[in-house]
1. Using 0.36 nm times the number of residues separating I358 and I60, minus their current alpha carbon distance, what extension gain do you get?
2. Using a basic spin-label model with each label point 7 Å from the Cα along Cα→Cβ, how many nm lie between L340 and V373?
3. Below 9 angstrom from the Cβ of G220, what's the summed charge of the other residues (Lys, Arg +1; Asp, Glu -1)?
4. Can you bin region 1-109 into rounded, prolate or oblate? Criterion: square roots of the alpha carbon gyration tensor eigenvalues sorted a ≥ b ≥ c, rounded for a/c under 1.5, prolate for a/b above b/c, oblate for the rest.
5. Between R28 and D112, take the C-beta separation as r, use R0 = 51 Å, and let me know the FRET efficiency to the nearest 0.05.
6. Share of antiparallel DSSP beta bridges in the chain, in percent to the nearest 5?
7. Provide the convex hull volume over Cα atoms per residue for region 314-391, in Å³.
8. Between V18 and I2, with labels modelled 7 Å along Cα→Cβ, what's the label distance in nm to one decimal, could you check?
Amino acid sequence: MIENLLIWSLIISAGWLVMTSLILFRNRLELTGLPPAGEFSSQKISVCIPARNEEKTLPILLPTVLNQKDIPFEVIVLNDGSEDNTAEILQAFRKEFPDKLKVVEGVEKPDDWLGKPWACMQLSRHVSPDSGLILFLDADTVLKAGTLKKAAAAFEQYHADMITVWPQQILLSFWEKTIIPLIYYALMSILPSVYVYRKPRWMPKRIYLRAASSFAAANGQCIGFTKNAYEAIGGHEAVKQKIVEDVELAKAVKRAGFTLRMFHGADSVLCRMYENHSQIFSGLRKNFLAGFGNSLTIFIAAAILHLIVFIVPFIGLAWASANPSPFLFSLSAFSVAMILLHRLMLAVWFRWDPVYSITHPLGVLWFEWLGLVKIADYLTGRKSTWKGRDV
């Protein structure tokens, strides 16, 4: 009985892994980095950075932005009610770069807004009239030389109205290396990135017009717009109550008929979004269920699928070792090999420690535990907190 159940589960696992292999390999070819800048007449770009208690990150980020070359730009940073030394750090940079840096003091958040959309909306109001492009960066990112010029080139080369970059995540602690890669794995193995940019050729146009927003993804750590497109969709006010505001902005862009293009940031944008397990837990807890449209049905179904695809193969190997079954062992070994191959591929792509590919099942179980916490939050009405605010 148990062996038959394992076999059927492993058939599902193997089928899913083969399908996602095709998507993952396709994304490796089609999800490119930002294009070379080349020679072009670039528009001025306004770099907008919300900062709440960012005394550790701003001294790292700001020099990499303010020292960009060969493109007209300005940097606007919003001090969003910080209680550390953020204000003093910003004023020091303001004195050093008076022609490049604007510092804006945030005003109190209205009750019907979430924190990040409110901060970004305030930033957008200070964009210079002559700027044609707006780039929102999280304070924990870092730009490599030439990134702003490449970003401007991406708008022109792809005739894009919105771009988003998936940064190279800097992973230092055990839990960062175990958990964070699974976020990228989920994206890269499920959604063909080119469909974010253009219509699938196999899909009739009339159906695509209705389903376009389903092919939307974005990473708010680095997200940019033409000013015209940003204003046309209503800016961050259109997503003022959305926890995953980046994806909702992407959906709004697609619904409005604008063009969105995704890029990887392995050669342009770096980010260390969490430094320890506590930060990872709090940061992912706030938006985990929202990433599934706050649907418990979809959320639970995804959890079950992940257990079948990523945990059962390891159980199958153990069972087949204790109860010799060549067929069960072969199925289990195939799925485990596919999982490790996928993770190794991502590790090489985003320059992570490949040894941590073997912690994949531990990372999956961690997300299963977080899922149970989120279900309890949902059923009890308990709110998550992030940077001192309820979410």
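1. On the way: separation 298, 0.36 × 298 = 107.28 nm, distance 3.18 nm.
This chain segment gains 104.1 nm when fully extended.
2. If labels sit at L340 and V373, their model points lie 3.0 nm apart.
3. Values: positive: K116; negative: D138, E245, D246.
In short, -2.
4. Details: a/c = 4.39, a/b = 1.94, b/c = 2.26.
It is oblate, given that a/c is not under 1.5 and a/b is not larger than b/c.
5. Working: r = 42 Å, r/R0 = 0.82.
After rounding, the FRET efficiency stands at 0.75.
6. Numbers: 13 of 39 bridges.
So the antiparallel bridges in the chain amount to around 35 percent.
7. Numbers: hull volume 10.8 nm³, N = 78.
Convex hull volume per residue, Cα atoms: 139 Å³.
8. About 2.8 nm, to one decimal.
The values are calculated or read from the model by the stated rules, or taken from the named source; none is laboratory data. Worth saying up front: this structure is predicted, and the values here are computed from it rather than measured. Heads up, the Cβs are rebuilt from the backbone with ideal geometry, glycines too, and the neighbour counts pull from every protein chain shown. When the accessible area is computed, the model is the full protein with side chains, heavy atoms only, and any ligands, DNA or RNA have been set aside. Shrake-Rupley method; radii C 1.70, N 1.55, O 1.52, S 1.80 Å.
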